[in-house]
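The values are calculated or read from the model by the stated rules, or taken from the named source; none is laboratory data. Just so it is clear, the structure is predicted and the values come from calculations on it, not from any experiment. Cβ: placed from backbone, ideal geometry, glycine included. Neighbour counts: every protein chain shown. We work out accessible area using only protein heavy atoms, side chains counted, and drop any ligands, DNA or RNA first. Shrake-Rupley method; radii C 1.70, N 1.55, O 1.52, S 1.80 Å.
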Amino acid sequence: MNCTCRLRHVWIPCERSEVSAFKMSKRKAKSLSDTPSIKNRRVESEDSQREDTVDERDSLKFNDLSIAPTGSGDIGVIESITVKNFMCHHLLGPFQFGPHVNFIVGNNGSGKSAILTALIVGLGGKATTTNRGVSLKGFVKHGESTADVTVKLRNRGPDAYKREVYGECISIEQRISSDGVRTCRLKSKSGHLVSNKKEELTAILDHFNIQVDNPVSILNQEMSKQFLHSKSESDKYKFFMKATLLEQMKRDYIHIKHTKAMTREQVERQEECLKDLKQEFLQKKERYENLSTLGEIKAVLEDLKKKMAWCLVREKERIVEQLQEDIELEESIHKYKENLQLCQEKVSQAEEKLRDNQQNLDSLRAEEESLSEDRLKLKEEKKTKNKAHKEQEVVYIRARNKLKQSEKEQSLLQERIDKAKNIGSQNSEAEAEHTKRLQKISTLKEQLEKLEKELPELNQGIKDKQQALFKGKEELDKLRLEEKNIQVSFEVKLKRKNQLLASRSNKLKRFGDHIPDLLDTIDKAHSKGRFIKKPIGPIGACINLKDPMLAVAVESCLRSFMKTFCCDNYKDESVLQELMSLYFSKGSRPQIIVSPFTEQVYKTQGRGVKHPDYPSVLDSLIISSPIITNCLIDMRGIESILIIKEKSAARKVMQQGTPPRNCREAFTVEGDQVYPNRYYTAEYSMAKYLGGDLETELRMVESELENHTAQLSRFKLHLGSVKEDIQHMEGRLHSNIMALKKTLALVNQVKASLTELENVEEEQIDDISSLEEVAQENNLKIESEKQTVHESKEVLDKHAKAVMDIDKQYSDVRARLDQLAEEMDPLKEEQAKIEAECSKHERNLSVLESKLKGHQDNIQAMRMELASKEEEMKEYVAKAKEISQERQDVNRSAKSIDTEITRLRKRISVQESSHGDQEQVVREYAEALTNYRDKSNQVRDLKKFIDRLDNIMSDRQNRYKIMRRSLSVRCKLYFNNFLFKMSCCGSMMFDHNNETLSISVKPPGRENDSMSDMRSLSGGERSFSTVCFILSLWEITESPFRCLDEFDVYMDMHNRRISLDLLLELSERQHLRQFIFITPLTTSNLPKSSHIKIHHLQDPERERSHTGEGSD
């Protein structure tokens, strides 16, 4: 048990002679342990641990000591006082005081007490000490900011204070500001600033034995009044104790007693602690004496430790050998590189297939575009050929009908000729009628020919109007289709506007009007426990952009994933499908991705793209959920897609050189998709889901709606105009058709009349010669018409052949287009499969690269571990050599050796538990012995010290009482002596037990009066008694100067004269002391002497505005 004795510092006051008791002691603010200065006029013996000298001083008697001046009265004397703006005085002084007796004479308000107050303040006294105020700022003259007080003290002789610094005079300058702040400046005789610290001023006053607050040094008027009018005997006793510094000595002794009592208590506690130390020491001693040797067991233990050390070395060597074999085995495995090369070949093959397929698609698309143009041309040409064929067919039919009509007419004419030949002759009337009928037939034929000429013109007009009407209706259909497209776009924009307006309050409505309701339903279902893990979505609502300018690019990349939901398992997916059916039809439901949720984001260091200038899609997104991040990595590979703002930069990075490592594709800020071998333009130019500025997008949509509204208005006007044109064309076509019908009716009517005339049988015989001429003309006409029919037939055949050819070409083009479409569909499917396969191979390539890198890192880690194990093995070898230089042949395992060591240690521990470890027991015994001796010696020394301190304090108390009794006796003797000179009698009664002092004075002629208290005296008698008491204290105390303020104010001239005589007599006996007396009375009766200096103060000119604050 460790016990530490802690003792307080005990201060023991130095033994002083009676002379030191008479002097002014160090002020209370200074530490009691400070060593006082040794001066020639102070006879001190310091008690610095020399208690043996105390007994030698017992024979000293205070009455045998005399106050013999040392002849060094040149320190601490006031040379001059100067005040400025102090109390009610603008300037007083400088007052040059003499070294002996000084009288300051003046009327009330002239500044007598102001000089005494300035002396106290100048020497560092407090405002309360002056009894003229409670704060220093009250001493500053009204209307001024500062007050200055300068006090000069003499500093001569061998006891001078730092004479080499200050010279023969120390100047103390105090400046008081109007807010009560005091600054001190200590200057030498030459005016050089030495210090401005309060501690330096305190040291000077201590060195000169000046105590400003001691009434023996400075007794002001107020304190004198208090003493005169005081009724308390204890106050008078306290005044005596304070003046003689016995009160300070008493307080010091009380403090020493208290400290000694505390120290004694601590010593008692340390004695109890010492008992525990002794008990512990005895236990350690017993263990030390009963300690047995364990050498043999420890020797065996040491041998086992050596074997254990080399056994550990052997195991480390085996570990190193195993690591070397593992590294060789790992380095011999080439499957990672082979798989990586195989995967790279597959990627190259897939990319080659993708390029070939793309080339085939591009060639087919080019051929399709070319055939589409040919189809349009053939379609127009086919229309033209069909039109020409139909027109030629009409011409051919007409020619053939005309030929048939002519042949019919020729047949009838031949019949008539034959009939005419048979009949013979005809009469004249018949011939005339015949002639008339022929003329009518000729007229009808001319009319028929004219009508037949009008028919083609009418047909052509009808065809032209039909074609114009067809074009008008075709234009109307186009306009209606465009109007419908604009109307659909208008409705889409209007729907988007409504979504944007709704998204002001709920951003989720950007993804669909029913998305917020769906999410609320999902939350309710999750709270009911229908989901194993709550689905997350839509994905677009879970991501944010680091750069809002990339919104279109990101949406183009993610496309349909923006509205996709993620589920952890298929059960949750079926529940979500059921909830979605409440708001969406089967074909319009958001996509659902099923993948187990993980809270850790995939590591993409090995497969992600890194570019110094352009970020990947993953780097451009702020995704709150790792589930969404992993989903987009799995489904879209966002870690391998770059976002490049400029199109030219995108083409340069992706197509003009080798793309960045792990980069499959890139997107521009406009949303264009860039592959190493192809480029796709974005389908839209505005962000639908990730647009940051809602108001800007809303304004753009409203602007587009206004444009669509204006377009619809224009289309409606155009449609009305086209409809009116079609109606006019239909009217004109109808008119032409009616005219054609009318003309055809006339043709039929003329033909019927002509046939009727030709078929009329007349009884008369026709003119054979004329009929034959007509028949001959008809034959020529028939031949001509046959030629016309033949030519028309050839032209019609040509047109038919042309139509067939153009139909065949058109059919071939159509068939080729259908064939191309059929050929392109599998190519497109093949391209999608190849892209998926390529993406799969690229992901596998990234995985294999990661595995290869992991394999290489594993080998590197194993090598590092091997190096570490080798170093560790070397350390074990070094440690083993430290234990045993020779390698030990160990056949046992480390475990068995460790078990044996543990068993021996337990055995040693059992023995050491009863006896302890030898070194530890010896060490603990030595420590306990040393500790016990030290503590016992310390306690013994402290007890001896306290005993000696008790003896010293007992001696000091006796000496204190002797000193107190001696001072009180001497004070009474001096007091009675001074009263005797006044022909008075009196006494001073000291009661040191009750701490009271009673003073009784009996004036001349009243010796038999029973009342002898000072209160029964007149004011002058009491003032004289006070002077006697002060003089008695002056006789038994020391100070370089003594100040007495208005001591004679209540005295009559007789008492005043006696008091002055006493004061002057005392000043002659103490000629090395300076005396300053302040009186308002005349000093004309003073004797003329060079030792007396009188200062007469002028009456001040007081201001009418206020009264001086410092008047006496």
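Annotation: peptides 175-182, 115-122, ranked by per-residue average of other Cβ atoms within 10 Å with the highest first, follow the order 115-122, 175-182. Here the spin labels are modelled as points 7 Å beyond Cα on the Cα-Cβ line, and at ARG175 and SER560 they lie 9.4 nm apart. Contact order, relative form, for segment 515-659: 24 percent (alpha carbon pairs under 8 Å, 6 or more residues apart, mean separation divided by residue count).
Under a 5 Å amide H cut-off, with hydrogens placed 1.01 Å from N, VAL140 pairs with MET87 among residues at least 5 apart or on other chains. For LYS408 and LEU376, the FRET efficiency from 1/(1 + (r/R0)^6), where r spans their Cβ atoms and R0 equals 35 Å, is about 0.15. Solvent-accessible surface of segment 805-864, averaged per residue with a 1.4 angstrom probe and all protein chains in place: 60 square angstrom.
Relative to the current alpha-carbon distance between ASN498 and LYS647, full extension at 0.36 nm per residue lengthens the span by 50.3 nm. Scanning residues 5 or more positions from PHE208 or on other chains, none has an amide H under 5 Å from its amide H, with H placed 1.01 Å from N in the peptide plane.
Share of carbon and sulfur in the accessible area of segment 507-574 stands at 53%, probe radius 1.4 Å. Per-residue SASA remark: VAL847, around 60 Å² accessible (1.4 Å probe; ligands, DNA and RNA not included). Here the spin labels are modelled as points 7 Å beyond Cα on the Cα-Cβ line, and at LYS751 and ASP613 they lie 8.5 nm apart. Estimated from the Cβ-Cβ distance and a Förster radius of 56 angstrom, the FRET efficiency linking SER884 and GLU265 is about 0.40.
At 1.4 Å probe size, with the rest of the protein present, what percent of the exposed accessible area of segment 698-820 is carbon and sulfur atoms? Don't jump to the answer; show the numbers that get you there.
Working: 4070 of 7800 Å².
With neighbouring chains kept in place, the figure for segment 698-820 is 52 percent.
If the label point is 7 Å along Cα→Cβ of GLU200, which residues in segment 155-184 have backbone nitrogen under 19 Å from it? Zone members listed by number: 155-156, 160-176, 182-184. A probe of 1.4 angstrom, applied to the heavy atoms of all protein chains, finds MET738 with accessible area near 90 square angstrom.
Give me D for segment 329-412 in µm² s⁻¹, whole number, from Stokes-Einstein with Rh from the Kirkwood sum over alpha-carbon pairs, 20 °C and 1.002 mPa s. Walk me through the numbers before you get to the answer.
On the way: Rh = 19.9 Å.
Rounded to a whole number, D works out at 108 µm²/s.
Only protein heavy atoms count here; on that basis, with a 1.4 Å probe, ILE254 has an accessible area of about 100 Å². Using R₀ = 41 Å, calculate the FRET efficiency as 1/(1 + (r/R₀)^6) where r is the Cβ-Cβ separation of LEU329 and ALA832; round to 0.05. The pair LEU329/ALA832 has a calculated efficiency of 0.40. Packing, taken as the mean count of other beta carbons within 10 Å per residue, orders the peptides 594-607, 569-582 from highest to lowest as 569-582, 594-607. Relative contact order for segment 594-728: what percent, with Cα pairs under 8 Å and sequence separation of 6 or more? It rounds to 16 percent for segment 594-728. What is the log10 of I(q)/I(0) for segment 463-570, computed with the Debye formula using one identical point scatterer on each Cα and no solvent, at q = 0.16 Å⁻¹? The Cα Debye sum returns log10 ratios of -0.89. For the pair VAL165 and VAL134, the difference between a 0.36 nm per residue extended length and the Cα-Cα distance amounts to 7.6 nm. Taking all protein chains as present, what is the carbon and sulfur share of the accessible area of segment 333-387, in % to the nearest whole number, probe 1.4 Å? The computed percentage sits at 44.
On full extension, the segment bounded by LYS586 and GLU919 gains 110.8 nm, given 0.36 nm per residue less the C-alpha separation. A cut-off of 5 Å between modelled amide H atoms, ignoring neighbours fewer than 5 places along the same chain, links ILE1094 with PHE103. Per residue, segment 656-736 exposes 58 Å² of solvent-accessible protein surface, assessed with a 1.4 angstrom probe and all protein chains in place. Summary of packing: across the peptides 97-103, 637-643, the per-residue average of other C-beta atoms within 10 Å ranks them, highest first, as 637-643, 97-103.
Taking Cα centre as origin and charging only the Cβ of basic (Lys, Arg, +1) and acidic (Asp, Glu, -1) residues, the dipole magnitude of segment 580-713 rounds to 760 debye. The residues of segment 100-236 have, on average, 41 Å² of accessible surface per residue, using a 1.4 Å probe with all protein chains present. Whole-Hz Karplus values for segment 166-181 come out as 8, x, 8, 8, 10, 9, 10, 10, 10, 10, 10, 8, 5, 9, x, 8 Hz, taken residue by residue from phi with 6.51 cos²θ - 1.76 cosθ + 1.60 and θ = phi - 60°; glycine and proline positions read x. Using a simple spin-label model with pseudo-atoms 7 Å out from Cα toward Cβ, ARG185 and LEU712 lie 9.8 nm apart.
Above 15 Å lies some portion of the pair distances; for segment 556-609, what is it as a whole percent of all C-alpha pairs? Intermediate values should be presented prior to the final figure.
On the way: 879 of 1431 pairs.
Across segment 556-609, Cα pairs with separations above 15 Å total 61 percent.
Using the Cα centre as the reference, give the magnitude of the dipole from point charges on the C-beta atoms of segment 541-602 (Lys, Arg: +1; Asp, Glu: -1; all else neutral), rounded to the nearest 20 debye.
The calculation lands at about 240 debye.
Seen through its C-alpha gyration tensor, with square-root eigenvalues sorted a ≥ b ≥ c, segment 573-690 comes out oblate because a/c lies at 1.5 or above while a/b is not bigger than b/c.
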